[in-house]
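The values are calculated or read from the model by the stated rules, or taken from the named source; none is laboratory data. All values reported here derive from a predicted model rather than from experimental measurement. Cβ: placed from backbone, ideal geometry, glycine included. Neighbour counts: every protein chain shown. When the accessible area is computed, the model is the full protein with side chains, heavy atoms only, and any ligands, DNA or RNA have been set aside. Shrake-Rupley method; radii C 1.70, N 1.55, O 1.52, S 1.80 Å.
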Amino acid sequence: MDRILIIDFGSQFTQLIARRIRELGVYCEVLPFNKMEEHELVPEVRGIILSGGPASAHEGTAPSVPEIVFSCTLPVLGICYGAQAICVRLGGVVESHQEREFGRASVRVVDDCLLFDGLWFCGESHDVWMSHGDKITALPEGFRSVATSQSSPFAVICDEKKRIYGIQFHPEVIHTPDGNALLSNFVCKVANCSQSWTMSSFRERSIASLRAVIGTEKVICALSGGVDSTVAAVLLYEAIGEQLTCIFVDHGFMRKGEADEVISLFCSHYAIPFVHVNAAKTFMEALKGERKPEQKRKIIGQLFIDVFEKEAKALGNVKFLAQGTLYSDIIESVSHSSGAVITIKSHHNVGGLPEEMNLKLVEPLKDLFKDEVRLLGRELGLPEAFVGRHPFPGPGLAIRCPGPVTQEKIEMLRKADSIYLEEIRNAGLYDLIWQAFAVLLPVRTVGVMGDLRTYECVCALRAVISADGMTADFYRYDMDFLSLTATRIINEVEGINRVVYDVTSKPPGTIEWE
């Protein structure tokens with residue numbers, strides 16, 4: 001299967017480049033720049049993309065393009081910093097410039113090249129999105145300029161004999177209208193990639209790979225009932241059958257009725273060996289008095305591992321633990337400027353995995369983004385009740401209850417959250433929203449209810465829209481919906497006298513207050 005390798009120099013848009021390539025039906029992978037020399041370029045790699053980044057290419061400490069990029073003779077596309085790094089490495093000049101280019105800009109095509117084939121023509125001007133403070137002032141030998149901008153004569157450069165291209169704008173963002181088409185020209189016409197990346201082909205390859213890795217050994221799968229773990233479980237079952245046992249741990253921080261719903265849905269649709277562990281008392285006792293969200297995650301995460309290892313021992317000779325880690329989790333777990341790995345981001349698997357564990361890890365979805373996992377779920381025939389579920393992080397309500405966790409506060413939050421989701425479904429909004437949840441804030445406010453003065457808790461509501469779980473924006477409710485939902489929560493949940501809605505735009509996940 002043809003693929004594109006993306007070398008990451010720390011750009012905030014790197015994952016978007018990967019998304020755009022996969023949308024073209026071509027598989028790609030992201031690698032930090034300082035891990036490139038350790039990476040074996042497999043024959044399937046047809047081209048290399050160098051991402052943007054925060055550094056200045058002309059500074060001595062700036063990341064350099066690995067030598068293998070030019071010695072392998074593969075087509076190369078440098079984006080923003082990537083283009084500048086190409087110039088510096090090959091003998092060109094990059095300098096700081098007072099006329100910085102940030103935001104919308106226009107480039108004018110001054111010559112033809114394969115990157116523009118059938119898309120941009122000489123003499124035309126096109127809108128793009130710029131984000132850089134340096135500029136190329138002299139080209140390496142063999143390069144020519146094919147597009148200019150108001151402040152740069154080298155907005156797009158190329159050496160078509162060596163199949164090396166550099167662009168000073170970001171084609172991966174939606175603000176560059178022709179960005180996808182430009183990437184398509186590089187991937188399909190310059191790199192000659194076949195567009196064979198499909199969920200069907202991924203399914204077949206994954207099953208074969210899992211069988212080769214696992215062999216005849218036993219596997220337990222950490223099942224939460226969310227789309228990631230469920231898809232991972234069903235894919236594993238197709239690969240190894242009865243060698244798999246799913247472990248569902250009810251830690252007591254599930255949403256209202258969710259534990260029963262997960263058990264009913266899963267057991268009614270699949271004959272996969274299934275173990276339900278009710279450990280609510282153990283988890284609540286372990287969190288007693290703990291205030292810090294990150295420490296809560298670590299405590300819960302360690303207890304999960306303890307349960308899994310105990311169940312593995314009871315089953316006998318279990319070698320592997322499977323979980324639904326996604327590609328976005330892995331990307332966010334790596335500091336690409338230093339190459340240091342932080343295992344897995346903690347809000348995904350409640351605190352990261354311990355350094356020493358008695359089970360080997362299997363992550364069958366680690367090459368997929370969130371929306372791709374949903375596609376795979378449909379490919380596997382999962383019911384829409386599983387595929388369309390909102391994400392619910394492992395720590396559950398425990399980290400949506402800032403401050404010390406008590407049974408009283410969890411029950412209060414559980415009721416408010418249930419009302420919130422019920423009204424979302426009543427309004428027909430559930431499938432339009434990527435994730436929605438309530439948070440019980442660690443503050444109390446004075447209020448008047450009827451003839452009585454109250455001093456009770458504040459409940460925050462959050463809803464975000466996202467495609468792949470990497471970026472998110474808040475959902476724009478109308479005021480009638482918020483009024484109805486807030487009124488129900490205040491009237492039906494004893495202990496809450498105020499409801500607020502969070503309208504910040506930030507990555508999906510949890511809200512945390514110390």
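Miscellaneous remarks
- Sole residue being over 28 Å from Ser229 (Cα atoms), touching a helix residue (DSSP H, G or I) at 6+ places or on another chain (Cβ under 7 Å), modelled with pLDDT of 90 or more and crowded, with 22+ Cβ neighbours inside 10 Å, chosen from Cys401, Cys459: Cys459
- Test: residue in segment 167-179 that is open to solvent by 50 Å² or more (accessible area, probe 1.4 Å), touching a residue at least 60 places away in the same chain (Cβ under 8 Å) and within 19 Å of Glu23 (Cα to Cα): yes
- Residue in segment 108-131 that is nearest to Asp178 (Cα to Cα), counting only those that are crowded, with 18+ Cβ neighbours inside 10 Å and among the β-branched types (Val, Ile, Thr): Val128
- Count - residues of segment 251-265 that are under 19 Å from Phe308 (Cα atoms) and either surrounded by 19 or more Cβ atoms within 10 Å (Cβ to Cβ) or out of contact with any His (no Cβ under 9 Å at 6 or more places or on another chain) (or both): 6
- Residue list for segment 250-272, restricted to those being in a loop (DSSP other than H, G, I, E, B) and under 27 Å from the mean Cα position of the chain (by Cα): His251, Gly252, Phe253, Met254, Arg255, Lys256
- Any hit, segment 132-139, residues being in a loop (DSSP other than H, G, I, E, B) and surrounded by fewer than 20 Cβ atoms within 10 Å (Cβ to Cβ): no
- Checked against (1) surrounded by fewer than 14 Cβ atoms within 10 Å (Cβ to Cβ); (2) modelled with pLDDT of 75 or more; (3) of a type outside the set (Gly, Ala, Ser), Leu482 passes all but a single condition, namely (1).
- Every pair of residues 6+ apart whose Cβ atoms lie under 7 Å, when the first sits in segment 185-208 and is in a loop (DSSP other than H, G, I, E, B) and aliphatic (A, V, I, L, M) while the second is at pLDDT 90 or above and open to solvent by 50 Å² or more (accessible area, probe 1.4 Å): Ala191/Arg46
- Residue match in segment 94-106 (condition: in contact (Cβ under 8 Å) with a residue 24 or more places away in the chain and in contact with a Leu (Cβ under 7 Å, 6 or more places away or on another chain)): no
- Scanning segment 432-445 for any residue that is in contact with a Ser or Thr (Cβ under 7 Å, 6 or more places away or on another chain), surrounded by 22 or more Cβ atoms within 10 Å (Cβ to Cβ) and within 24 Å of Val503 (Cβ to Cβ) turns up nothing.
- Only one of Leu326, Leu321 that is buried (at least 21 other Cβ atoms within 10 Å of the Cβ), within 14 Å of Pro393 (Cβ to Cβ) and in contact with a Leu (Cβ under 7 Å, 6 or more places away or on another chain): Leu326
- Residue identified as in contact with a strand residue (DSSP E or B) (Cβ under 8 Å, 6 or more places away or on another chain) and not β-branched (Val, Ile, Thr) among Glu59, Glu44: Glu44
- Top-ranked residue of segment 404-418 - restricted to ones that are in a helix (DSSP H, G or I) and either open to solvent by 40 Å² or more (accessible area, probe 1.4 Å) or not aliphatic (A, V, I, L, M) (or both), ranked as farthest from Ser483 (Cα to Cα): Gln407
- In segment 53-75, the residue that is least open to solvent (accessible area, probe 1.4 Å) out of those that are in a helix (DSSP H, G or I) and within 12 Å of Glu37 (Cβ to Cβ) is Val69.
- Meets criteria (at pLDDT below 95, under 25 Å from the mean Cα position of the chain (by Cα), assigned to a helix (DSSP H, G or I) and under 23 Å from Ala472 (Cα atoms)) for Leu421: no
- Test set (1) modelled with pLDDT of 95 or more; (2) among the charged types (D, E, K, R); (3) not in a loop (DSSP other than H, G, I, E, B) - Glu99 fails condition number: (1)
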